[in-house]
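Quick note: the coordinates plus some simple rules give every number you see, no bench work behind them. Values in this document were obtained by computation on a predicted structure and should not be read as measured data. Note that we place each Cβ from the backbone using ideal geometry, even for glycine, and neighbour counts take in every protein chain shown.
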Amino acid sequence: MSEGDAMVDAELVLKFQGGEESAFETLVRKYMKDAYSFCLRLTHDAQEAEELSQMGFVNAYRALRGFRGESSFKSWLYRIFINQYRDRLRRTRRAEARLAVVREETERKQSATTVEESELHAAELEEVVKTRIERLPDRQREVLTLHLYQGLDYREIAAALGCTYDDVKMNLSLARKRLKEELKGYL
Amino acid sequence: MNCADVRLDEYFDGELAEADRATVDGHLAACDACRAELERSRKLEKVLRSVSTSAAPDADRFVQSVRARSRRPAPWRFAAAAAALIGITAIIAFALRGPVDVRAELAKYSEKPGTAIEERIRSAGAAGLKQLEGALDDSNVKVQFAAASLLFKLADAPTRDRVLARFQQQKDPSGWTLSEPGIDDSDDELVPVTVSMAVGGQDRWAMNVLSKLHKLNRQAQGKIVSSVVTLLHSTNVDIQRHALEIVKKLEIDFPLAAVVDLIDSPELGEEALRFLRAETKKDFGKDKESWRKAVGDR
């Protein structure tokens, strides 16, 4: 993100805080595509992604008057989406645990067609990649998604996740190491 | 340079300063293994980026939906805060005789601010400021903000700092605050964020909001209970501690079985036991089975 972009965001935030409601709409229009694709990368469900991204903006609207610019608006916004997503994860994880047996079975079958036998079509490759990313530990998946797909740098990710620069570095490195191993047939 | 010392990921991600990049460049020129690793990173990135996402929803519909779901916070709240920050430049000197009834002046000020009232309160000196600080806890929120406004104008810097610390509630670096819940069904959407804030250490403010939510909205009550019970089972002891605080402070019937699960915790076991004893008027020590039978479905 360029400094100029951050300046524009800061100006829009100030306008909104000064009572100009339309400034928030401009921010929503600017970030809705990123927000939606980020939520979709995390949830793999279009409906869920739309719900998460909309509620993220609703919560941002409610909180924006208290935003004091300690981080960039973009990092702050992603932090809200991350919190929304984590909350959803906590709620659904128990239900998902019940499906774990079914899922493991599916994954075993998937592993049997090893990635090294890379005669798969693009659609299948996409499915494999999605599954591998989904199976990363939460923090690694969040860092990787923010970096690779949302284009945040290490500092912005640290601000969005409320962790340190070194945590970002370590988790990104671990995610890559694991994916290089799991997808080695494609590399 | 040893391969283990090469900051290859940071190099690849463009995170290194010019001098550090040059050092890595030098190493790469001489090291086949690191060059191969870098190439694998490039290939991995290409494969990962090949995964598409479906098209974003229609922008107008999306914005309209966000707008509909966002409620405007009570306007007076921000008007009062703005008044506190803007200040009034022209101060009229006002000579007063006799004691000033600060509370009465404050009540008037909360309805209609004016420099004459300010001057009367100012003339009450330190005792007047003390009463203003006391009024920050007034049950009438307009009086609270009037007191805050006046403290900004009349008090010294340390007092102002204390007032700020009370009202800002900005422990979270993201600077979250929430609008107060009303009696709208959509208020239960505040629950996840509020519980997150409470466990994030913004206890006072978030507890206030949670408390209002559970009084106003039955659906929110269910969400609060399930969110807190989930957090009681967290693997992070700090989150468990905050969740237990919410259980203790909020007058909601939480399932006590979730608290029984904390008995074994080295950090929170004693606190959980104290709470269970107080709630049930019984004591089974660390015998979790007996506790479970005793609390049943509660």
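A few comments on the model shown:
- Put simply, the amide H of B:L262, placed in the peptide plane, has no neighbours under 5 Å, leaving out anything fewer than 5 places away on its chain.
- Pairwise FRET efficiency - B:A116 versus B:K43, Cβ, R0 = 56 Å, nearest 0.05: 0.15
- Distance between modelled label sites at B:H233 and A:K15, nm, 7 Å Cα→Cβ extension: 4.7
- Pairwise FRET efficiency - A:H44 versus A:L174, Cβ, R0 = 22 Å, nearest 0.05: 0.55
- Candidate cross-link partners of A:K177 among the lysines, defined by an alpha-carbon separation under 22 Å and a same-chain spacing of 8 or more, comprise A:K130, A:K169, B:K43, B:K46.
- Per-residue 3J(HN,Hα) values for segment A:8-23, derived from phi via the Karplus relation 6.51 cos²θ - 1.76 cosθ + 1.60 with θ = phi - 60°, read 4, 4, 4, 5, 5, 4, 4, 4, 4, 5, x, x, 8, 4, 5, 5 Hz in sequence order (x marks Gly and Pro).
- 3J(HN,Hα) from dihedral phi, segment B:273-281, Karplus parametrisation 6.51/-1.76/1.60, rounded to Hz, x for glycine, proline: 5, 4, 5, 5, 4, 5, 6, 9, 6
- Measuring r between the beta carbons of B:R35 and A:D166 and using R0 = 25 Å, the FRET efficiency lands at 0.45.
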